[in-house]
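Working notes, beginning with the structure itself.
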Amino acid sequence: MKTFNDYYNNKVNLSFEDHPFDSSPKHVWVICRYKGKWLLTKHLSRGLEFPGGKVEKNETADDAALREVNEETGAKVDQLYYIGQYCVESRYQSIVKNIYFATIKELTEQTSYFETAGPVLLEEIPTNIKHNETFSFIMKDDVLTYSLAYIKERLSS
């Protein structure tokens, strides 16, 4: 397990074990690859980030991950891999998110991307992301760093 602070100095526990914090988490975050590029979305207020969001009533976290990717980018997931979970502990609440890695089979333009401006493809994730105003706070802690290392080590071909 990894423990560190997030962008807002909240305590974060991260694990690549099978659902160590919650068997039915209420949030998901999906790191996406499409044709050799990283697929992100441009959130209207936060900036660039990987797709994610809340699990809706009568929906599994896996289903929420697929839905959020489609809603925020127009992408259809080819393969979805659960890679871990993290828990953010703020003064007011704890939030548990499943982390996924998805390979994308198709990207189609949509008339609406909900709370985002749609898909953004990047060749690389910048190394100076923590100080880059273009990116969401969600991308600025070690969840991203550790998750990318995990994907590179275990899932990349």
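No lab work stands behind these numbers, since they all come straight from the coordinates. What you are looking at is a predicted structure, and each value in this text was computed from that prediction instead of being measured. Quick reminder, even Gly has a Cβ in these numbers, built from the backbone with ideal geometry, and neighbours come from all protein chains shown.
Sorting the segments 108-118, 65-75, 129-139 by their residues' average number of neighbouring beta-carbon atoms within 10 angstrom, most packed first, yields 65-75, 129-139, 108-118. The relative contact order of the range 1-114 comes to 31 percent, based on Cα pairs under 8 Å that sit 6 or more residues apart. Rounded, prolate or oblate: pick one for the range 95-157, where a ≥ b ≥ c are the square roots of the eigenvalues of its C-alpha gyration tensor, a/c under 1.5 means rounded, and failing that, prolate if a/b is larger than b/c, else oblate. The shape class here is oblate.
When the alpha-carbon atoms of the chain are used, the pair Rg, Dmax equals 14.5, 41 angstrom. Comparing Cα centroids, the range 107-157 and the range 37-93 end up 11 angstrom apart. As a proxy for reagent exposure, ranking 18, 62, 141, 6 by other Cβ atoms within 10 Å from fewest up yields 18, 62, 6, 141.
Counted by neighbouring Cβ atoms within 10 Å, the residues 97, 105 run from fewest to most as 105, 97. Modelled spin labels at residue 114 and residue 128, positioned 7 Å past Cα toward Cβ, are 3.3 nm from each other.
For the peptides 41-54, 142-155, what is the packing order when you average, over each peptide's residues, the other Cβ atoms within 10 Å and list the highest mean first?
Details: 41-54: 19.6, 142-155: 15.5.
Result, highest mean Cβ count within 10 Å first: 41-54, 142-155.
Where only DSSP H runs of four or more residues are counted, the chain gives -5000 deg cm²/dmol as its mean residue ellipticity at 222 nm, each run worth -39500 (n - 2.57). Positive end of the dipole of the chain, charges at C-beta (+1 Lys, Arg; -1 Asp, Glu), about the Cα centre: which of 108, 32, 135 has its Cα farthest in that direction? The residue sitting farthest along the positive end of the dipole is 135.
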